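Notes follow once the structure below has been shown.
Throughout, read-outs are computed from the coordinates displayed, never taken from laboratory work. Keep in mind that what you see is a predicted model, and the values were worked out from it rather than measured. Cβ: placed from backbone, ideal geometry, glycine included. Neighbour counts: every protein chain shown.
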Amino acid sequence: MPTNRQVLLDNRPEGEAVASNFKVVSVDTPALTEGQVLVRHHYLSLDPYMRGRMNESKSYAASQPLGEVMIGGTVGEVVESQHPKYQVGDQVVGMGGWQEYSVVNANEPGALRKADTTHVPLSYYLGAVGMPGVTAWYGLVKIIEPKEGETMVVSAATGAVGSAFAALAKARGCRVVGIAGGPEKCAYAVAELGYDACIDYREHKDMYSLSKALKEACPKGIDGYFENVGGMIMDAVMLRMNAFARVALCGMIAGYNGEPLAMANPALLLINRVKLEGFIVSEHMEVWGEAMKELGTLVAMGKLKPRETVSQGIESAPEAFLGLLKGKNFGKQLVKLI
Ligand code: NDP
């Protein structure tokens, strides 16, 4: 059986997460029992939600136990099978964690899905045609409910979720404006992701300055906002909301290290009769099929061209993850394991 290198959560962060919170170990993969398959991971997905799991405090999901393999989505190929539905060579998507191999009980519902790579590259099942893409779809379609001609804004615009959001909102005839960190990300957002405009929030010191830039980019105001960041960015958007605007509260990454994220003007929610709804994509498995179909089609048609930042080798995962929390990733952050 092959040796498996794993990344464990060794200790919990105090404030900002650091590389020493993790530990890399090597173990032997165990022999399979009936119903199990051995998957060799090709890619590991790194996602902001993992930061929350590193804390002990109670959240919508259980915290990551110390001394265990970090949780994470993976794509790979079956290299051994004791399950009739899976053959050696099958390409699969699962939650294999931060390790090179996983032993999966394939009888467990949802533990593994086969991936069709005819039109969609395998790694995209961790991004645009996977959990982040479905997240964008749910927030846009089920919470914002966009109408043709409306103006949509999304923060962390060039990331895994943001880039899918842009393609989905453009497909519905909306004006789509992104907010991202740095001129390179903003230029790419307009040139490659189909944004009508993109604002570099780092150029703006406060919410009034950012709000002024939003006024220029959104001359008819903002009807739908997909929030990934929180803090000053959200405050600036709130100043430009139209009456009856809708906000899909997806993430607040600016506060994931425990910083309090105050809201400057909550009265604007009332004044503009704003609908604001938080959501967790894993609680909406019912939309998965419909969302994946649309996302896969957009990729196949070249209307969703997501970018990936790929680090090499399992031992690179901690640094790549810490970079994601600081915006060093450009598009979907992955770790290549083969
Ligand atoms: P991204 O690929 O967008 O990567 C994270 C990005 O967040 C960075 O590239 C950076 O972009 C931005 N960022 C990081 N730190 C800060 C900061 N302090 N201030 C402003 N921006 C920051 O990640 P995803 O697309 O995977 O996730 C986007 C959001 O969606 C996250 O908040 C995540 O938690 C949330 N999410 C929620 C889900 C749900 O079910 N509710 C499911 C999946 C994701 P930039 O350089 O442009 O600032």
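Assorted remarks:
- The aspartates and glutamates whose alpha-carbon is closer than 14 Å to the alpha-carbon of Lys205, local same-chain residues fewer than 8 away aside, are Asp235.
- Reciprocal mean inverse distance between Cα atoms of region 152-216 - Kirkwood radius, Å: 11.5 Å
- Whole-Hz Karplus values for region 110-126 come out as x, 5, 9, 10, 6, 10, 8, 9, 4, 10, 10, x, 3, 5, 5, 5, 9 Hz, taken residue by residue from phi with 6.51 cos²θ - 1.76 cosθ + 1.60 and θ = phi - 60°; glycine and proline positions read x.
- Residues in region 51-78 reached by a label modelled at Ile338 [backbone nitrogen below 15 Å; 7 Å Cα→Cβ]: 74-78
- Under 16 Å from Lys85, Cα to Cα: aspartates and glutamates that are on another chain or at least 8 residues apart: Glu34, Glu77, Glu108, Asp116
- Taking each residue as 0.36 nm, the span from Met95 to Asp28 lengthens on full extension beyond its C-alpha to C-alpha distance by 22.2 nm.
- Translational diffusion of the chain was estimated from the Stokes-Einstein equation, with Rh taken as the Kirkwood radius over Cα pairs; at 10 °C and 1.306 mPa s the coefficient is 77 µm²/s.
- Nearest 10 degrees, 0 to 90: helix 183-192 Cα axis against the chain principal axis: 80 degrees
- When you restrict to C-alpha pairs under 8 Å that are six or more residues apart and normalise by the size of region 131-282, the relative contact order lands at 22 percent.
- Coarse-grained scattering of region 131-282 at q = 0.13 Å⁻¹, given as base-10 log I(q)/I(0) from a Debye sum over alpha-carbon atoms: -0.49
- Percent RCO, i.e. relative contact order, over the chain, from Cα pairs under 8 Å lying at least 6 residues apart: 18 percent
- Size descriptor, Kirkwood hydrodynamic radius, that averages inverse alpha-carbon separations across region 10-132, Å: 15.6 Å
- Taking the number of Cβ atoms within 10 Å of each Cβ as an exposure proxy, the fewest-first ranking of Phe22, Phe165, Phe330 is Phe330, Phe22, Phe165.
- Lys/Arg +1, Asp/Glu -1 at C-beta; the chain dipole; positive extreme among Pro65, Met152, Ala115: Met152
- Efficiency of FRET between Ala62 and Glu145 - r from beta-carbon atoms, R0 45 angstrom, step 0.05: 0.90
- For Ile199, residues with placed amide H under 5 Å, excluding near neighbours: Gly178, Ile179, Ala180
- Convex hull volume per residue, computed on the Cα atoms of region 222-325, equals 162 Å³.
- Cysteines of the chain lacking any other cysteine Cβ under 4.7 Å from their own Cβ: Cys174, Cys218, Cys250.
- Computed per residue of the chain from DSSP H runs no shorter than four, each worth -39500 (n - 2.57), the mean residue ellipticity at 222 nm is -6500 deg cm²/dmol.
- Taking 27 Å as the limit for the C-alpha separation, the pairs Lys170/Lys215; Lys212/Lys293; Lys170/Lys220; Lys185/Lys220; Lys293/Lys332; Lys185/Lys336 exceed it in the case of Lys212/Lys293.
- Over the C-alpha atoms of region 82-184, the Rg to Rh ratio, Rh being the Kirkwood estimate, stands at 1.09.
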